[in-house]
Amino acid sequence: MKLTIAKCLFVLLFGFISFNTWAQEITIELGPDEIGLNETFNIKVTISNDKIKSYDQFPEIPGFQKQGLSQSSSMNLINGQMSSTNSIIQYYKPTKKGRFQTGSFSVKINGNDYASPGKSINVVDARAAQRTPGLFGPTDDLFGGTQAEPEFIEIEDDAFFASTVNKEEVFVGEGINVSLAFYMSETNQAPFQFYEPGRQLDEMLKKIKPSNAWEENFNITSIQPEKVTFNGKNWIKYKVYEAVFFPFSEGEINIPPVAWEMIKYKLAKNPTFFGSNRLEDFKTFYSSGKKIKVKPLPPHPLKNEVSVGLYQLRENFTDLQVQTGEGFTYNFGVSGEGNINSISPPKANQIQKLNTYDPNVRQQINRGNGRISGIKEFTYFLTLNEAGEVKLADHFNWIYFNPNTEKYDTLKPKSVIRVVGESKVNQAISNQRLGGIYDLIELEDNKLLNQRYKYYFSLFINLLLAASVILLAVLIMKKR
C-alpha cells in the first residue's frame, strides 16, 4: 500500500506523463442526517478540474452556529490522465437538540449559483468521541503515522476601522464630508476578508445619519483598495461609505462610534499538503465618534432662504442683439460646490419693457473628490418691446452665503441686450386689453347689424303707436 502511494506521488510530483483536463463538475454534499450535540454538521462544495477562485456566504441553519471554513484539494492519475478536485467545507455546531431543516439554498462559486434541495437534520444527545478515519487509513497519515488534530494560531494584525470628517465646525447649510473605511498596513500579515458589507452598512447608516441634515450619498457599489500614507506609514484603505451632510439648523452633528466585522483567518501552526491550513474566525473593529459644531449664519433679511457654498454664475451669452417683440432664451446657471438641490431661482425685478415667463429648471450633481458640486440652470423666455440697451443685472440677482469669506455675496448677470426696431409697447398693451366697443366694430358681421337695427326700429314704432292710442283715449274721456 505504501509503495503504491509513494509511486503515485512520484509520478504526480515529477512525472506528469499526460495532462488532459477533464470536464468541470461541481457537487454539493450535506452532512449526516443525525448528529450528536457535541458533533458538527457540514456542507461541502467540490469542484473538479478547476480551482475555487471565489465563493459566497454559505446559508444559515436554524439551531446551528457557523464554526469556520476549511479548504482541501486532491489530484488523481488514472490511465495516464490526471484530474483534480478542490473543496470548501462550512462547519456548523448545533446549539440544541431537535430536528432542523436546512431548507433549499444556493451557493455562488466562481460567479455561478449552484442549488441544493437541503435536508432534515436530527440532533440527539452528545455521543462518545470517535476517531475519524484518515485519508490513507483509519488513523494513519501518508507514511503510517498517527494524524493529530490541526492547531490554528491567530496572526497579529495591523489594521483598524475609522470614521473621518473634513471639518469640525461649519455654518448652517455648509457641507460636511463623512467617510467610513477599513485600513490595513502594507506590511500586515493577517489574512482578512469582508463579511456581508451591504448588511453591515445598512445597519450603520441607521445610527450615523443625522435627522437634522440633508444627505448626499456617494453610493459606493464596490469596495476598492486605495494606497494612502499618514504618520509616515503606508496603508491600504478600503472605503465602505462616503456622504456629505448639509445641516438644517445650528447646534451639533454627532457621528456615533460604529462596529465593523471582518472575517479574520487563523492559520495552521503546522501546515500540511492535504489538510486545512486556515480556519475562519471573526474580528470586530470599532470607529471613534465625531462631533461637528454647526454655527448660525450672520444676520441678514434672507438668512433663512439663501444657499451656502462656493458659487459662480454661468450665462449662455454676454451680448445679444434682438428685434423688438422677438423672443429669446436666457440661462441663469448657478454652478459650484454646495447643496445643489437647495438652490432657488434668482430674484427678478420687474422692468416695464421686459416680459419674463416662469423658468424651466435643470440640475446636474457631481459626487467626487470628497465634495458635492454641480450646476442648477434656470432657463427664461424673454421679450423686449422697446428699442434700447437692457442690462439683465437690473432684472436678475441671486444672493448666497460664502462660508470661506463668511460673508453674503450676490451673483448678477453680465449679459447686455441690444434691442433694435420700432416700439411694440402699444401693440403689447393692445394685445393684453379685454376689448371695448371700438375693438368690436371690425369683428361684427354687417348682416347681424342690419337685423338688430330692424328689430329695435320695429319695437320703437310699436311702443310709439301704443302710447298714442293711450293718450287719445285719455283725451276723449276728459271731453265727456
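Points worth noting:
- Cut-off 14 Å, label 7 Å out along Cα→Cβ of Lys293, residues of region 162-186 by amide N: 167-172
- With a Förster radius of 41 Å applied to the C-beta separation of Leu310 and Gln189, the computed FRET efficiency comes to 0.35.
- Once the Cα-Cα distance is subtracted from the 0.36 nm per residue extended length, the Thr229 to Arg371 segment shows a gain of 49.0 nm.
- For GluC sites (Glu not before Pro), the sites in region 303-383 that DSSP calls loop and that have at most 16 other Cβ atoms within 10 Å are Glu305, Glu326.
- In region 345-417, the trypsin sites (Lys or Arg not before Pro) that fall in loop regions by DSSP, at most 13 other Cβ within 10 Å: Lys414
- Net +/- balance of residues flanking Thr102 in space, Cβ distance below 10 Å, scoring K and R +1, D and E -1: 0
- In this rough spin-label picture, where each label sits 7 Å from Cα along the Cβ direction, the Gln323-Lys303 distance is 5.2 nm.
- Sequence of Asp394, Asp157 when ordered by accessible area, the most exposed leading, probe 1.4 angstrom: Asp394, Asp157
- Förster radius 30 Å - calculated FRET efficiency between Asn217 and Asp281, Cβ distance, rounded to 0.05: 0.40
- Here the extension length gained between Thr379 and Asn355 equals 7.2 nm, from 0.36 nm per residue of separation less the Cα-Cα distance.
- Aspartates and glutamates with Cα under 17 Å of Lys264, excluding same-chain neighbours fewer than 8 positions away: Asp56, Glu151, Glu154, Glu156, Asp157, Asp158, Glu186, Glu196, Glu280, Asp281
- Under the shape rule built on the C-alpha gyration tensor, where the axes satisfy a ≥ b ≥ c, region 241-338 is oblate, since a/c reaches at least 1.5 while a/b does not exceed b/c.
- Counting Lys and Arg as +1 and Asp and Glu as -1 over every other residue whose Cβ lies under 9 Å from the Cβ of Phe246, the net charge comes to -3.
- Theoretical gain in end-to-end length, Thr95 to Glu25 [0.36 nm per residue, Cα-Cα removed]: 21.8 nm
The values are calculated or read from the model by the stated rules, or taken from the named source; none is laboratory data. Keep in mind that this is a model prediction, so the values were computed, not measured. Cβ sites come from the backbone with ideal geometry, for glycine too, and all protein chains shown count toward neighbours. What goes into the accessible areas is simple: the full protein's heavy atoms, side chains included, and nothing from ligands, DNA or RNA. Shrake-Rupley method; radii C 1.70, N 1.55, O 1.52, S 1.80 Å.
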